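Before any comments, here is the structure.
The values are calculated or read from the model by the stated rules, or taken from the named source; none is laboratory data. These numbers come from a predicted model, not from an experiment. Heads up, the Cβs are rebuilt from the backbone with ideal geometry, glycines too, and the neighbour counts pull from every protein chain shown.
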Amino acid sequence: MPALSTPHSRQHKSHKPSHSAGNGVGSTSLSFPAGSEIRSAAEQPPKGGFVPLLPRLQPPVQPSPMPPILVLGAGVTGLSTAIRLRQAGASVRVVAAVRPSEHPRAHAPGTWPPYPASLRAAAVWYPYHVSDPRVERWAAATLHELHRLVDEPGAGVSIVPFVELFRGAPAEYAWSAAVRRFSAVPADRLPAGFASGWEMEVPFVDAPVYMRWLERRFLDLGGMIETRFVGSMGEVDMPGGVVVNCTGLGARRLLDDADVYPCRGQVVRVRAPAVRAWTVSDDPAAGLTYVFARGHDVMLGGTAEDGVWDETVDPAAIDALRKRAAALVPATADAEVLEVAAGLRPQWRGGRVRVEREERPGGGAVVHSYGHGGSGFTLSWGCADDVARLALAAT
Ligand SMILES: Cc1cc2nc3c(=O)[nH]c(=O)nc-3n(C[C@H](O)[C@H](O)[C@H](O)COP(=O)(O)OP(=O)(O)OC[C@H]3O[C@@H](n4cnc5c(N)ncnc54)[C@H](O)[C@@H]3O)c2cc1C
């Protein structure tokens, strides 16, 4: 299916409780930043309240403070990264034009920045429309983390029997060995017109539910979020500090980066409670077709239109994709339509993902993480681990 996917101690007694990642993402324990109340016995005032007036010849060694980190963007990339940074003990503030909990459906097409792709996705773990040598590693790390999050109440992650169908020979994937129960669909179970297929068990993320859970998780870890449009990098420059740029398509204007472009995906949300299918076919002749059941609706897709910035839907494309979806899963044919929408996948340089650290002339750095194409959820935790390491290096 994918046009661009890669084939193939000592315990201090603190006066404050020590934070841990608790029941959420990861298990890294949080250390308090410098300035928190960890005192050695020599620093404690003596019993009886007597404090000697002698000058202190050897001041206690303070750990060097970890500078605050600003994360731009509250899509799946920004929030996953912000969580990882917070878990490492950094003080983190997220600034984003749109955050998941704020009535995100109210968006006039053409408004800048475009509506976050993360709130339009379905989303299945599946490397799609991205081509980067690191995809396999990032996808494997995310697969592992999403399997773990299945047991997390309210996260909206489940494991589903995913089926991919082909009119001809099946595509070969370098990541297939990492996926549970990856096997060929038996010939007698292939729908009419299909020559081959893969079935596998993969995590499925109910995107609206998961995005709100990510936001809550970050706030519970002590992070801060500010809803604000940022007009230029100059507005958020912190001399000597680190800014993590997870703005997706927003990076095009923020950085004046002409290599950022969209791949439009049109979708229809329908009510079809009887449908329990997670099926996709990317037929070069007919186009991309998928049916993804979620708890509250079923997502029918889709399209993959490179370079199209228009966030309005094209009625003819919607009509065509509904017919294709009905051919794949007939029970969707008469389903009540809840919403038609278009989302813009953030692409960069022909399918690569921009994950890199850029030192600033006046000190400090910007760490970029954008251009995840059709795989932002699939790569989210693997990228977040790398980006957190880059952001914390030498701070
Ligand atoms: C229809 C559709 C289906 C998809 N299905 C899947 C799927 O099944 N599996 C999968 O893995 N992926 C899927 N994707 C792709 C996935 O949604 C994206 O790769 C991912 O959401 C990108 O996340 P992001 O956080 O990088 O960007 P976004 O989600 O776009 O978030 C960008 C953030 O930056 C903020 N921002 C941008 N500019 C500024 C600015 N100037 N000032 C302040 N804030 C700013 C925005 O407000 C937002 O908070 C799909 C995408 C679409 C459109």
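So that you can scan it fast, the table gives a plain yes or no per residue for (1) modelled with pLDDT of 95 or more; (2) farther than 29 Å from C263 by Cα; (3) under 14 Å from the mean Cα position of the chain (by Cα):
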{"site": "L54", "(1), (2), (3)": "no, yes, no"}
{"site": "T77", "(1), (2), (3)": "yes, no, yes"}
{"site": "R86", "(1), (2), (3)": "yes, yes, no"}
{"site": "P114", "(1), (2), (3)": "yes, no, no"}
{"site": "S118", "(1), (2), (3)": "yes, no, yes"}
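Inclusion of V270 among residues that are within 13 Å of the ligand (Cβ to nearest atom), modelled with pLDDT of 95 or more and assigned to a strand (DSSP E or B) is not warranted.
Within 10 Å of the ligand (Cβ to nearest atom) and in a loop (DSSP other than H, G, I, E, B), is that true of T303? Considered against the rule, which asks whether it is within 10 Å of the ligand (Cβ to nearest atom) and in a loop (DSSP other than H, G, I, E, B), T303 comes out as yes.
One residue alone among D282, D319 is at pLDDT below 95 and not in a loop (DSSP other than H, G, I, E, B), and that residue is D282.
Would you point out the residue of segment 149-162, among those that are within 13 Å of the ligand (Cβ to nearest atom) and aliphatic (A, V, I, L, M), that is surrounded by the fewest Cβ atoms within 10 Å (Cβ to Cβ)? Going through the qualifying residues, I end up with V160.
Give segment 68-97 a look and list any residue that's assigned to a loop (DSSP other than H, G, I, E, B) and within 19 Å of A393 (Cβ to Cβ), or say none.
Of all residues in segment 68-97, those assigned to a loop (DSSP other than H, G, I, E, B) come to 68, 73-75, 88-91, 97.
Listed by number, the residues that qualify are P68, A88, G89, A90, S91.
To keep it simple, each residue is scored yes or no on (1) over 29 Å from R354 (Cα atoms); (2) surrounded by fewer than 19 Cβ atoms within 10 Å (Cβ to Cβ); (3) more than 21 Å from the chain's Cα centre (by Cα).
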{"residue": "I225", "(1), (2), (3)": "no, no, no"}
{"residue": "R228", "(1), (2), (3)": "no, yes, no"}
{"residue": "G234", "(1), (2), (3)": "no, yes, yes"}
{"residue": "C246", "(1), (2), (3)": "no, no, no"}
{"residue": "Y261", "(1), (2), (3)": "no, no, no"}
{"residue": "V267", "(1), (2), (3)": "no, no, no"}
{"residue": "V270", "(1), (2), (3)": "yes, no, yes"}
{"residue": "T279", "(1), (2), (3)": "yes, no, yes"}
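Checking the conditions here, which among V130, V202 is of a type in the set (A, V, I, L, M), closer than 28 Å to E356 by Cβ, outside any helix (DSSP H, G or I) and under 17 Å from the mean Cα position of the chain (by Cα)?
After applying the criteria, what remains is V130.
Quick grid of which residues meet (1) more than 17 Å from the chain's Cα centre (by Cα); (2) within 11 Å of the ligand (Cβ to nearest atom):
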residue	(1), (2)
A141	no, no
H147	no, no
A178	yes, no
L214	no, yes
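Just so you know, in segment 81-126 the residues that are more than 7 Å from the ligand (Cβ to nearest atom) and of a type in the set (V, I, T) include one that is nearest to G343 (Cα to Cα), and it is T111.
Of the set (1) at pLDDT below 95; (2) within 12 Å of the ligand (Cβ to nearest atom); (3) surrounded by fewer than 16 Cβ atoms within 10 Å (Cβ to Cβ); (4) not small (G, A, S), all apply to V130 but (3). In segment 368-394, the qualifying residues are those that are farther than 13 Å from L85 by Cβ and small (G, A, S), and the one that is farthest from the ligand (Cβ to nearest atom) is A394.
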